[in-house]
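The values are calculated or read from the model by the stated rules, or taken from the named source; none is laboratory data. Bear in mind that the values here come from a model prediction, so they are computed numbers and not experimental data. FYI the Cβ positions are ideal-geometry reconstructions off the backbone, even for glycines, and counts take in every protein chain you see. We work out accessible area using only protein heavy atoms, side chains counted, and drop any ligands, DNA or RNA first. Shrake-Rupley method; radii C 1.70, N 1.55, O 1.52, S 1.80 Å.
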Amino acid sequence: MGAEQEMIDRLRSGDESALRQLMERYGNEVLRTAVLLLRDRHLAEDVSQDVFIDVYRKINQLKADRSLRAWLIAMTVNRCRERMRRASWKRLLFRERLEEEAGAAIGPGSEGWAVSATIQSIIMALPLRYREVIVLHYYQDMAIADIAETLDEPEGTIKSKLQRGRKLLKTSLVEGGWRDEALFEGQSNS
């Protein structure tokens, strides 16, 4: 944790170059998380900016036993929740297809890109409580314990939400004509 602690120390001393470094290091993760939770790239960009401003202002609130990355993701989730509470989400329509979020290594028009875009659109249609844990587990590569800490919920609740979210995802894919059973292998645990 040497490099991360050095960055934290630099942020605490007011070093703006440390903020730029933090944004370069974690910016894509924060943005991707916000896009997948909010379903709106423009709002997600606003949230991402707000998160990094908050980190710079509130860096002294970071507890010594907490990782900077986990704190950033928790702040992102909380900012997204705040945005959703304030907005009239029932009147908003899905505005943007997330082509660039389908994966940098998979080019538009390829089968892999189509699969990724389909899965992402189904994830984005999940209720927020399931979408959050799916995004944090699969897109942010967070363990159950880390998700529980981030969302301030018991691990058992996170496991249940993850299992239910997977089941809803699988049902949506199968109803949509999905036949690739390999995608669902090993999904009963974690």
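The figures follow:
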{"quantity": "Set ALA125, ALA117, ALA105: member being under 22 Å from THR33 (Cβ atoms), open to solvent by less than 70 Å² (accessible area, probe 1.4 Å), modelled with pLDDT under 90 and not charged (D, E, K, R)", "calculated": "ALA117"}
{"quantity": "Selected residue (criterion: farthest from LEU62 (Cα to Cα)) from residues of the stretch 21-34 that are of a type outside the set (D, E, K, R) and open to solvent by 60 Å² or more (accessible area, probe 1.4 Å)", "calculated": "ASN28"}
{"quantity": "Any hit, the stretch 15-25, residues being touching a residue at least 60 places away in the same chain (Cβ under 8 Å), basic (Lys, Arg) and under 20 Å from THR150 (Cβ atoms)", "calculated": "no"}
{"quantity": "In the stretch 128-177, the residues that are more than 14 Å from the chain's Cα centre (by Cα), surrounded by 14 or more Cβ atoms within 10 Å (Cβ to Cβ) and part of a loop (DSSP other than H, G, I, E, B)", "calculated": "GLU153"}
{"quantity": "One residue from ARG79, ARG39 being within 23 Å of ARG12 (Cα to Cα) and among the charged types (D, E, K, R)", "calculated": "ARG79"}
{"quantity": "Residues that are loosely packed, with under 12 Cβ neighbours inside 10 Å, small (Gly, Ala, Ser) and part of a helix (DSSP H, G or I), drawn from the stretch 1-20", "calculated": "GLY2, ALA3, SER17"}
{"quantity": "Filter result for LEU37 (surrounded by 14 or more Cβ atoms within 10 Å (Cβ to Cβ), assigned to a helix (DSSP H, G or I), touching a residue at least 12 places away in the same chain (Cβ under 8 Å) and in contact with a Phe, Trp or Tyr (Cβ under 8 Å, 6 or more places away or on another chain))", "calculated": "no"}
